[in-house]
Amino acid sequence: MSQFSENIENIELKFLTMDDYQQLKDAMIEAYPNMPNSYWKEPHIQSLIDKFAEGQVVIKVNGQLAGCALSIIVDFEKFENKHTYKDITGAYSFDTHTADGDVLYGIDVFIKKEYRGLRLGRRLYDYRKELCEKLNLEGIAFGGRIPNYHKYKAQYTPKQYIEAVKRKEIHDPVLNFQMSNDFHPSKILRGYLEGDKDSNEFAVLLKWDNIYYEKETQKAATKKKIVRLGLIQWQMRLYENQKELMQQAEYFIDAVSAYRSDFALFPEFFNAPLMADNNHMPESEAIRELAKHTPEIVAKFSELAISYNINVITGSMPEMIGDLLYNVGYLCRRDGTLERYEKLHVTPDEAKVWGMQGGNKLETFDTDCGKIGVLICYDSEFPELSRLLADDGMDILFIPFLTDTQNGYSRVRHCAQARAIENECYVAIAGSVGNLPKVHNMDIQFAQSMVFTPCDFSFPANGIKAEATTNTEMILIADVDIDLLRELNQFGAVRNLKDRRKDLFVLKKK
């Protein structure tokens, strides 16, 4: 702790002005005793203030300058592969600054020695992060000195030195501080700062990614950050015909859309009641008759998605492709476009009784509410599938399911919750309840529809956002915040996606 901490009356973060110049000069000379030309001349500081006043801030303690942070905005694509300090500053003219740039570049940051230990540097870094978010820039970058490297240059390459610092084998006050503030080493910059003998003229390109960055688009529509999910816990009952079944489906879509839901999720095989008319047939033939309804049902769902302004996930239905029977569903977007997904792993019962085939298609889908994935029932019990979807940027995983016993339901439920934790995403599951005594192989159903979250401080402690009443026909409405997933990915207590040992194993699609 600083010796001055007990006498502090006021700490201020202020924009740098030319009135601060003499204190700034003295502080820089003190901060960089081994550097030639260790301070900026007055014309340099005036130029920085004129070009980008928001980027130049000082910390003052009891009215005295204690630290400073200088920065510019650059078009980083021009410099990313290789650059020196002279390059990035435009030969110290700062003509490289452009309001149309995409990265906030740190020119300098320091805290005077007597004020260290008060976490004032963290305040400067936090200001830069807030400025980056305010200006909608992709991130922050700078060349970080490694002032202790000269002690180890005979023993380590710069890369080996950084790894040793990460493992806490070597203490580097600058690099340790930057990494503790969420900056990650990107590459080594050779000959970065002329005359920096302590670092042997090496620097580490450090980056911080703005998780809230939104790339400009020419489209009027924007992706939503708070997404409302509408889950339909469907009661199995007999219907006279397909029209009556779809009237019930429209009733539920109307209900969830009235709450301004962005998605309506139906269960697996919600249309099974239509097999009652063919109950006299062998089960394998009856389900193939059911498959004949699928094209018309999908067309009707697409019509409802448009008219009720909601994205509909149709659960699943049987579908014939040639002579082969598949379990498939459709994403009917509210803009009228369609996407098809397949059940990849059929259960032993589906294969034995119905002769159903496993599909081959696994992909994420872009929507106006972020990227989503859909896994049908049994597929949720294979963690590789959801991990591949997460690697492709999935924010919400939808799992329509059909289970007859509590045992089967528990498998789906607990696996779904695990998928939310390990993939840092939201998972919504919806199933059917009730019974169909007049349909073979579809006698009873057990379900409790739910929305799961990761388990971290920004989410419910038990990882459950919302849950329906068990075995009761109802709708479940829940809001999920996509930005919280971005924060979790960067700053979570644990980071399942980032911390994978890819040096030991690789997961990829064929």
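Values computed for the structure shown
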quantity	calculated
Residue in segment 81-88 that is at pLDDT below 90 and either crowded, with 17+ Cβ neighbours inside 10 Å or more than 17 Å from N181 (Cβ to Cβ) (or both) present	yes
Members of segment 93-107 that are part of a loop (DSSP other than H, G, I, E, B) and either closer than 15 Å to F142 by Cα or under 34 Å from the mean Cα position of the chain (by Cα) (or both)	F94, T96, H97, T98, A99, D100, G101, D102
Which listed residue is free of Cβ contacts under 8 Å to residues at least 40 places away in the same chain, under 25 Å from N210 (Cβ atoms) and assigned by TED's automatic domain parsing to the domain that holds D379, from F452, F459	F459
Residue satisfying condition, being under 23 Å from L304 (Cα atoms) and at pLDDT below 95, within set L245, L238, L229	L238
Count of segment 68-92 residues which are over 27 Å from the mean Cα position of the chain (by Cα), of a type in the set (A, V, I, L, M, F, W, C) and over 14 Å from L205 (Cβ atoms)	5
Only listed residue being closer than 18 Å to A272 by Cα, surrounded by fewer than 20 Cβ atoms within 10 Å (Cβ to Cβ), assigned by TED's automatic domain parsing to the domain that holds N241 and under 33 Å from the mean Cα position of the chain (by Cα), chosen from T314, T337, T347	T347
Of residues in segment 198-212 being farther than 14 Å from P158 by Cα and part of a loop (DSSP other than H, G, I, E, B), the one nearest to the chain's Cα centre (by Cα)	I211
Any hit, segment 238-252, residues being touching a strand residue (DSSP E or B) at 6+ places or on another chain (Cβ under 7 Å) and closer than 27 Å to T367 by Cβ	yes
Out of E339, E289, E319, sole residue that is outside any strand (DSSP E or B) and in contact (Cβ under 8 Å) with a residue 12 or more places away in the chain	E289
Residue, nearest to H280 (Cα to Cα), within segment 419-470, restricted to residues that are touching a Gly at 6+ places or on another chain (Cβ under 8 Å) and polar (S, T, N, Q)	Q445
Total residues in segment 451-486, condition outside any strand (DSSP E or B), β-branched (V, I, T) and farther than 20 Å from S386 by Cα	3
Of all residues in segment 361-391 being assigned to a loop (DSSP other than H, G, I, E, B) and either modelled with pLDDT under 95 or among the hydrophobic types (A, V, I, L, M, F, W, C) (or both), the one that is surrounded by the fewest Cβ atoms within 10 Å (Cβ to Cβ)	K361
Hits in segment 119-158 (condition: closer than 29 Å to L65 by Cβ, assigned to a loop (DSSP other than H, G, I, E, B) and in contact with a strand residue (DSSP E or B) (Cβ under 8 Å, 6 or more places away or on another chain))	L135, L137, I146
Test result for L175, part of a helix (DSSP H, G or I) and touching a Gly at 6+ places or on another chain (Cβ under 9 Å)	yes
Pairs with Cβ under 6 Å, 6+ apart, first in segment 154-171 and assigned by TED's automatic domain parsing to the domain that holds F183, second among the small types (G, A, S)	I170/A164
The lone exception for N489 - which of (1) part of a loop (DSSP other than H, G, I, E, B); (2) at negative phi; (3) touching an Asp or Glu at 6+ places or on another chain (Cβ under 7 Å) it fails	(1)
Residue within segment 17-27 that is over 21 Å from E201 (Cβ atoms) and among the small types (G, A, S) present	yes
Every residue from segment 258-287 that is of a type in the set (D, E, K, R), surrounded by fewer than 20 Cβ atoms within 10 Å (Cβ to Cβ) and either under 16 Å from V328 (Cβ atoms) or under 39 Å from the mean Cα position of the chain (by Cα) (or both)	R260
Within segment 141-153, tally of residues that are touching a residue at least 60 places away in the same chain (Cβ under 8 Å) and among the hydrophobic types (A, V, I, L, M, F, W, C)	2
Residue within segment 126-133 that is crowded, with 22+ Cβ neighbours inside 10 Å, in the same structural domain as K41 (by TED's automatic domain parsing), within 20 Å of Y212 (Cβ to Cβ) and out of contact with any helix residue (DSSP H, G or I) (no Cβ under 7 Å at 6 or more places or on another chain) present	yes
Test for Y161: is it crowded, with 18+ Cβ neighbours inside 10 Å, at pLDDT 90 or above, within 26 Å of M35 (Cβ to Cβ) and out of contact with any strand residue (DSSP E or B) (no Cβ under 8 Å at 6 or more places or on another chain)	yes
Hey, G101 in contact (Cβ under 8 Å) with a residue 24 or more places away in the chain, farther than 23 Å from E194 by Cα and surrounded by 12 or more Cβ atoms within 10 Å (Cβ to Cβ) or not	yes
Counted residues, segment 417-444 - those being surrounded by 20 or more Cβ atoms within 10 Å (Cβ to Cβ), on the phi < 0 side of the Ramachandran plot and not in a helix (DSSP H, G or I)	12
Any strands (runs of 3 or more DSSP E) falling wholly within segment 1-88 and containing at least 3 residues that are under 20 Å from R145 (Cβ atoms)	64-74
Filter pass, S302 being under 28 Å from the mean Cα position of the chain (by Cα) and touching a residue at least 12 places away in the same chain (Cβ under 8 Å)	no
Close pairs (8 angstrom Cβ cut-off, 6 or more residues apart or separate chains): basic (K, R) in segment 410-433, part of a helix (DSSP H, G or I) anywhere	R411/E381; R419/S380; R419/P383; R419/S386
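The values are calculated or read from the model by the stated rules, or taken from the named source; none is laboratory data. Here the structure is a predicted model, which means the values were calculated and not measured. Every residue, glycine among them, receives a Cβ derived from its backbone with ideal geometry; neighbour counts consider all protein chains shown.
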